[in-house]
Amino acid sequence: MHRRIPEGNGDRKMESNRRPESMARIDSQPLAEKFIEESLSEIKKKIGDGKVILALSGGVDSSVVAALLIKAIGKQLTCIHVNHGLMRKGESEQVISVFRDQLNANLVYVDATERFLGKLEGVSDPEQKRKVIGAEFIRIFEEEARKIEGVKFLAQGTIYPDIIESKGVKAHHNVGGLPEDLGFELCEPVKFLYKDEVRMVGKALGLPDSMVYRQPFPGPGLGVRCTGAITKDRLEAVRESDAILREEFAKAGLERKVWQYFTVVPDYRSTGVREGVRSWDWPVIIRAVNTTDAMTATVEEIPYPLLKIITDRILAEVKGVNRVLYDLSPKPCATIEWE
Ligand code: XMP
């Protein structure tokens, strides 16, 4: 089953898609600083006094591109952050505080939660959910882009694995390809970098660790972790339980040791009892996996006392939940995500 959202800009001509052989691996702070210096002068040369837009998800690739462009051309860049309502707790707030408040960026923040949830109402098929989210994202990005006059360039966080794995296409890691028909020239300053190099550059640019070392997060966000047709109560339960899981993993020092960890709230209920009264509530499923390439994955052996702390907190703090389960399934047979 093809689970990705269709990518929009496959036919677009790229300048050159080969990492230059002479390019050294960026594996130290001085090399990251050298890359930044060279990259800033290339960006300035390419953009001149032109205007640039960028879809800023808050993921490491688009954040690093934004930080580079802000350094190079300041307010000639407009970052557009579309909150599809499927972000993790605090994520959009962090984008605003880092980029608008700390880096003084031109940032358009669009809270499109109600629009996305409206479009997703009653949509239970996972493929269809991805399509709806991808299409709506592009529509909103286009609407915002058209409001800005004289834009010549579209910046993207394409990285080298995107080029190798998807023929030069950046499936915008939040939600899919970006608009093709607006006639923008592309600006892709990290397109020859591998993920670890992008992180190194992000660190050298002074971005917070929580952004630079962010665990992979699917484009359709919590939408694929709230299985079946998304409802506000279950979406809130996924968001709150995910926040608890992340907080407890950080406290236990597992934050950067486990590759990906999250919670899922499926669309079925079970009986429970609370203060002598029967309940009919949702379960929360915890998933924590390790992998190198996401093609296969093993399950992290979480210490039992930690599982107990997380379980107790979820049951006490998350509304509408009466059970907590731990997913013990490796990939294969299971995928990492539940949808
Ligand atoms: P699966 O579930 O296929 O996931 O084992 C492998 C990796 O891909 C991520 N994933 C996605 N990322 N859009 C994305 O950008 C998606 O639709 C999507 N589906 C899965 C998943 O989180 C894991 O890291």
Among all residue pairs at least 6 apart or on different chains, which show Cβ distances below 8 Å where the first residue, located in segment 208-224, is under 20 Å from Lys131 (Cα atoms) and the second is among the β-branched types (Val, Ile, Thr) and more than 9 Å from the ligand (Cβ to nearest atom)? Leu222/Val238; Gly223/Ile230
Residue hits (segment 154-170; more than 11 Å from Pro189 (Cβ to Cβ) and either at pLDDT 95 or above or within 14 Å of the chain's Cα centre (by Cα) (or both)) are Leu154, Tyr160, Lys170
Return the total of residues in segment 308-339 being small (Gly, Ala, Ser) and open to solvent by 60 Å² or more (accessible area, probe 1.4 Å). 1
Is it the case that some residue within segment 213-223 is more than 17 Å from Thr292 (Cα to Cα), modelled with pLDDT of 95 or more and surrounded by fewer than 19 Cβ atoms within 10 Å (Cβ to Cβ)? no
Can you name every residue in segment 275-293 that is modelled with pLDDT of 95 or more and out of contact with any strand residue (DSSP E or B) (no Cβ under 7 Å at 6 or more places or on another chain)? Gly276, Val277
Could you check segment 308-337 and list, in sequence order, the residues that are under 19 Å from Ile244 (Cα atoms) and within 16 Å of the ligand (Cβ to nearest atom)? Asp327, Glu337
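For (1) within 16 Å of the ligand (Cβ to nearest atom); (2) open to solvent by 20 Å² or more (accessible area, probe 1.4 Å); (3) assigned by TED's automatic domain parsing to the domain that holds Arg115, each residue gets a yes or a no:
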site: Glu248; (1), (2), (3): no, no, no
site: Val264; (1), (2), (3): yes, no, no
site: Thr271; (1), (2), (3): no, yes, no
site: Gly276; (1), (2), (3): no, yes, no
site: Val289; (1), (2), (3): yes, no, no
site: Met295; (1), (2), (3): yes, yes, no
site: Leu306; (1), (2), (3): no, no, no
Val198 is checked against (1) in a helix (DSSP H, G or I); (2) open to solvent by less than 40 Å² (accessible area, probe 1.4 Å); (3) more than 16 Å from the ligand (Cβ to nearest atom) and fails just one. What number does that condition carry? (3)
For segment 93-109, which positions are among the hydrophobic types (A, V, I, L, M, F, W, C) and on the phi > 0 side of the Ramachandran plot? none
Condition (residue is of a type in the set (Ser, Thr, Tyr), in the same structural domain as Gly183 (by TED's automatic domain parsing), within 23 Å of the chain's Cα centre (by Cα) and more than 15 Å from Ala204 (Cβ to Cβ)) applied to segment 38-52: is it met by at least one residue? no
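The values are calculated or read from the model by the stated rules, or taken from the named source; none is laboratory data. Because the structure is predicted, anything quoted here is derived from the model rather than measured. Backbone-built Cβ (ideal geometry, glycine too); neighbour counts: all protein chains shown. Accessible surface is based on the protein model in full, side chains and every heavy atom, while ligands, DNA and RNA are left aside. Shrake-Rupley method; radii C 1.70, N 1.55, O 1.52, S 1.80 Å.
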